[in-house]
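Novice: Below is one structure. I have some questions about it.
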Amino acid sequence: MSKLEELRLEADELGLTYPKNIGESKLQEKINDYNNGGSEVPQTEVENKPAKKPMTQKQKMSKLIRVRVTCNDPAFKKWPGLTRAAGSTTFFRKRFIPFNRETHIEQVLFDSLKRSEYQWFEEKMNRTSGRKYKVPRSSPSFVIEELAPLTKAEYEKLAQDQRSRGSVED
């Protein structure tokens, strides 16, 4: 049995963790540190906490966000809202988004509204010839005010309101 194998057995008995490709000198250092009151915690004492699963792309994009959307686009300014669709081949959402009212929309629609711009033309005059010409400009189509999530009291009030109107079943 080689010196490295002996050190590995000793480290295993002490409950030390080490990489598989550790060298003799490093492993000896780890064992010495542990024997001298080092901070290495044996494996048996480590709590096994379940790892929190990361959100999938679909979960991230379907997360609801509370917003108030105001329209800047003159073509839609007088409309009560807009039906917007966004997504990909694997995940797709379509929703009516009312203007100037608090509502909840999915993250994918939120991102789509943020990127949306409309084009308008600014009229300028050529200084030398005096002729007018138009310069294209673009501005954000919507002002999106991101609101804080509903509190427990607001949820209760909303549930009571919906029950009294009969808009949802218990």
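Every number in this text was worked out from the coordinates using simple rules, so none of it is lab data. Note that this is a predicted model, so its numbers are computed, not measured. When we count neighbours, we look across all protein chains shown, and the Cβ atoms used for this are built from the backbone with ideal geometry, even at glycine.
Novice: Can you give me the P(r) profile for the chain? Cα pairs, bins 5 angstrom wide beginning at 0, each as a whole percent.
Specialist: Calculated P(r), rounded to whole percents: 1, 6, 10, 9, 9, 8, 6, 5, 5, 6, 7, 7, 7, 6, 4, 2, 1, 1, 0, 0.
Novice: Shifting gears a bit: All other residues with a Cβ under 15 Å from the Cβ of residue 58 taken together, and with Lys, Arg as +1 and Asp, Glu as -1, what is their net charge?
Specialist: After counting each charged neighbour, the total is +2.
Novice: Right, here's the next one. Which of the trypsin sites (Lys or Arg not before Pro) found in the stretch 64-170 are loop residues per DSSP with 15 or fewer other Cβ atoms within 10 Å of their Cβ?
Specialist: 77, 78, 101, 127, 131
Novice: Give 94/157; 3/26; 60/152 a once-over and call out the pairs whose C-alpha atoms are over 18 Å from each other.
Specialist: Flagged as over cut-off: 94/157; 60/152.
Novice: Next question. Quick query: amide H of residue 97 versus all other amide H atoms, modeled in the peptide plane; which residues come in under 5 Å with a sequence gap of 5 or more or a different chain?
Specialist: For residue 97, whose amide H was placed from the backbone, the distant partners under 5 Å are 82, 83, 84.
Novice: Something else: Would you mind checking which residues have amide H under 5 Å from residue 118's amide H? H placed 1.01 Å from N; only 5 or more apart, or other chain.
Specialist: 139, 141
Novice: Evaluate the Kirkwood expression for the hydrodynamic radius of the stretch 47-88, namely the inverse of the mean inverse distance over all pairs of different C-alpha atoms, and round to one decimal in Å.
Specialist: Result for the stretch 47-88 stands at 14.4 Å.
Novice: Now, a different point. Mind giving me the nanometre distance, one decimal, between the label points for residue 88 and residue 119, set 7 Å out from Cα along Cα→Cβ?
Specialist: Using points 7 Å along Cα→Cβ, the separation is 2.8 nm.
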